[in-house]
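What follows is one structure encoded as structure tokens, with my remarks underneath.
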Amino acid sequence: MNEALARGVKEAKENSKPRNFTQSIEIIANLKEVDIKKPENKIRQEVNLPYGRGKPIRVAVIAERELAYNAKELGLDVIEDLEEFAGDKREAKRFAKDHDFFLAQADLMPQVGKLLGPILAPRGKMPKPLPPNAPLEAMVKNLEKTVKIEMKKAPVIQVLIGTEKMPDDELAENAMAILNVVERKYERGLAHVRSLYMKTTMGTPVKVEVRR
């Protein structure tokens, strides 16, 4: 399977025209015989990619006092006053779009839910709670390898596995980490994959043969 995935990645890169930015590589898996009207059949899960995302992430931390100070020391964007978003939905939406992940001081979570929940929840970006003395640096390093599978209205998975600058074999390993989620989720594993594709940001999807 890894060889087929690596070939798909290579072909997706070769078929994509050069751009003036580094393109992402995504895996697209169309599933069959999965009734997503049943909530338990949907996949909503974070996955750690063995070789990471291949590009920097932006993390925002909602915190006060010591946690806020520690976050600033790490160069993270910090929100200390949630009220600044209370009457400005446009700014809240912009902030949500500009950041990949959110972390929040545990005792601020109720306030976060009230003021930012309607903006962050639909985008799958509700913050992870930060307990006192949270290992903030380690958590951020972990997020640098994390992607989210968010299956919504159709039985389709489309998720980042890296960038075009990463070696084909590393991208294949990252893709396999996504497929392993499907393998574990459903009784018939990869037999539920109707079709599988690799694509660059601006490129045409390249079909990958799935060995079940």
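The values are calculated or read from the model by the stated rules, or taken from the named source; none is laboratory data. What you are looking at is a predicted structure, and each value in this text was computed from that prediction instead of being measured. Note: ideal-geometry Cβ built from the backbone for every residue, glycine included; neighbour counts use all protein chains shown.
Are any of the residues in region 101-123 surrounded by fewer than 18 Cβ atoms within 10 Å (Cβ to Cβ), at pLDDT below 95 and part of a loop (DSSP other than H, G, I, E, B)? Looking through region 101-123, none of the residues is surrounded by fewer than 18 Cβ atoms within 10 Å (Cβ to Cβ), at pLDDT below 95 and part of a loop (DSSP other than H, G, I, E, B). When 42, 38, 72 are checked against the criterion of being without any contact (Cβ under 8 Å) to a residue 12 or more places away in the chain, more than 29 Å from residue 11 (Cα to Cα) and surrounded by 13 or more Cβ atoms within 10 Å (Cβ to Cβ), a single residue qualifies: 72. For residue 154, indicate whether it is surrounded by fewer than 13 Cβ atoms within 10 Å (Cβ to Cβ) and in a helix (DSSP H, G or I). It is false that residue 154 is surrounded by fewer than 13 Cβ atoms within 10 Å (Cβ to Cβ) and in a helix (DSSP H, G or I). The residues of region 157-167 that are touching a residue at least 24 places away in the same chain (Cβ under 8 Å) and part of a loop (DSSP other than H, G, I, E, B), listed by number, are 164, 165, 166. Filtering region 184-202 to residues that are surrounded by 15 or more Cβ atoms within 10 Å (Cβ to Cβ) and within 20 Å of the chain's Cα centre (by Cα) leaves 185, 196, 197, 198, 199, 200, 201.
So, in region 168-206, exactly how many residues are part of a loop (DSSP other than H, G, I, E, B) and out of contact with any helix residue (DSSP H, G or I) (no Cβ under 9 Å at 6 or more places or on another chain)? Residues meeting the conditions: 4. Could you tell me whether any residue of region 105-116 is touching a residue at least 24 places away in the same chain (Cβ under 8 Å), within 28 Å of residue 202 (Cα to Cα) and under 23 Å from the mean Cα position of the chain (by Cα)? There is no residue in region 105-116 that is touching a residue at least 24 places away in the same chain (Cβ under 8 Å), within 28 Å of residue 202 (Cα to Cα) and under 23 Å from the mean Cα position of the chain (by Cα). Of these, 180, 174, which one is within 27 Å of residue 143 (Cβ to Cβ), free of Cβ contacts under 8 Å to residues at least 24 places away in the same chain and assigned by TED's automatic domain parsing to the domain that holds residue 16? One residue alone meets the criteria, 180. Summed over region 60-97, residues that are in a helix (DSSP H, G or I) and closer than 20 Å to residue 46 by Cβ total 2. Filter region 4-35 down to the residues that are among the charged types (D, E, K, R), touching a residue at least 24 places away in the same chain (Cβ under 8 Å) and part of a helix (DSSP H, G or I) and list them by number. Scanning region 4-35 gives 7, 10, 11, 13.
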